[in-house]
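Novice: One structure follows; several queries about it will come next.
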Amino acid sequence: MPSIEFVTLEVSSGPTAASTFYAEAFDLGTRVRVGGSQAPTTGFRGFAVSLVVSQPNIVDSYFDAALERGATALKPAAKSFWGYGGVLRDPYGTIWKIASSSKKNTGPARRHVDDIVLLLGVADVAATKRYYVERGLPVAKSFGRKYVEFATSGIKLALYGRRAAAKDAGVSPDGTGSHRLVIGGDAGTFADPDGFRWEAASAFVPASSE
């Protein structure tokens with residue numbers, strides 16, 4: 001099974017502070033790294049990182065920790081027909097969705113992330129799906145041209161249409177420039193049809209702007 005070992009989130013300044021934020025707010029270890037970039041970017045960067053946890057009080061624990069450290073709520077954590085969750089933007093521009101399929105707590109809030117899903121908002125879901133299948137990523141779930149999830153180990157990869165991804169995050173789909181994201185895995189080094197960059201996990205060393 002293909003793997004995504006980590007994502008590198010690029011910041012224009014203060015990568016040490018950004019690393020501290022991610023460690024204290026989400027504690028995802030080496031699965032989330034920080035790199036430096038001066039590439040211009042505006043608006044929606046075309047992706048979100050979803051943290052899937054087991055129950056609502058764990059959602060609240062991560063959500064509150066991020067807000068206390070400077071994140072901004074885009075969709076406050078709340079119950080919905082599918083479970084419980086919310087969306088926020090961290091101080092460095094990355095959008096995070098923290099959610100549970102459960103609406104009730106069955107125990108204490110032990111901070112643990114069951115799954116990390118990297119959700120890419122793309123121009124043409126069918127075309128990008130075909131591109132990744134040709135690169136060896138098997139499909140786990142597919143709902144026509146609306147949503148695709150690949151069978152990757154480590155971090156899961158999913159595709160939404162760009163407008164649908166922005167709506168899900170609670171932001172405008174408008175945005176230009178760099179995604180400020182590098183995906184580290186074993187699929188090779190390339191840029192996909194929407195400009196999302198991949199690097200071989202064994203060879204990638206995040207840049208620093210300090």
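Novice: Students often get this wrong, so try it: which of [x] 0.96; [y] 1.08; [z] 0.94 is Rg/Rh (Cα atoms, Kirkwood Rh) as calculated from the structure shown?
Specialist: Recomputing Rg/Rh (Cα atoms, Kirkwood Rh) here gives the entry labelled [z].
Novice: Can I ask one more? Long-range amide H contacts for L74: which residues qualify at under 5 Å (H placed 1.01 Å from N, peptide plane, sequence gap of 5 or more or a different chain)?
Specialist: V87, L88, R89
Novice: Pairs of Cα atoms under 8 Å, at least six residues apart: use those to get the relative contact order of the chain, whole percent. Intermediate values should be presented prior to the final figure.
Specialist: Values: 493 pairs, mean separation 62.0, N = 210.
30 percent.
Novice: Please arrange D186, D174 by counting, for each residue, the other beta carbons lying within 10 Å of its beta carbon, fewest first. It would help to have the intermediate numbers written out before the result.
Specialist: Working: D186 17, D174 10.
With the fewest neighbours first, D186, D174 line up as D174, D186.
Novice: Calculate, in nm to one decimal, what A126 and T42 gain on full extension: separation in residues at 0.36 nm each, minus their alpha carbon distance.
Specialist: Values: separation 84, 0.36 × 84 = 30.24 nm, distance 2.60 nm.
Once the chain is fully extended between A126 and T42, it gains 27.6 nm.
Novice: With both partners inside the chain, how many of the DSSP beta bridges are antiparallel, as a percent to the nearest 5? Present the calculation step by step, with values, prior to reporting the outcome.
Specialist: Numbers: 36 of 57 bridges.
That works out to approximately 65 percent antiparallel.
Novice: Still on this model: Using Cβ counts within 10 Å as a stand-in for footprinting exposure, how do E134, E149, E10 rank, fewest first?
Specialist: Details: E134 8, E149 16, E10 27.
Fewest-to-most ranking of E134, E149, E10: E134, E149, E10.
Novice: Given axes a ≥ b ≥ c from the Cα gyration tensor, I'd like to know whether region 12-118 is rounded (a/c under 1.5), prolate (a/b larger than b/c) or oblate.
Specialist: Working: a/c = 2.18, a/b = 1.69, b/c = 1.29.
Verdict is prolate for region 12-118.
Novice: For V11, V139, what ranking results if the residue with the fewest other Cβ atoms within 10 Å of its Cβ goes first?
Specialist: Details: V11 22, V139 12.
Neighbour counts put them in this order, fewest first: V139, V11.
Novice: Quick check: residue separation of T106 and K146 times 0.36 nm, minus the Cα distance between them. What number comes out in nm?
Specialist: Details: separation 40, 0.36 × 40 = 14.40 nm, distance 3.31 nm.
This chain segment gains 11.1 nm when fully extended.
Novice: Within the chain, what's the longest run with no chymotrypsin sites (Phe, Trp or Tyr not before Pro) in a DSSP loop and at most 10 other beta-carbon atoms within 10 Å? Give the range, please.
Specialist: Numbers: sites that count: F81, W82.
Looking at the chain, 83-210 is the longest stretch - no exposed chymotrypsin sites (Phe, Trp or Tyr not before Pro) with at most 10 other Cβ atoms within 10 Å.
Values in this text are rule-based calculations from the coordinates and carry no lab data. This one's a predicted model, so the numbers in the text were calculated from it and none came from an experiment. We place every Cβ from the backbone using ideal geometry, glycine too, and count neighbours over all the protein chains shown.
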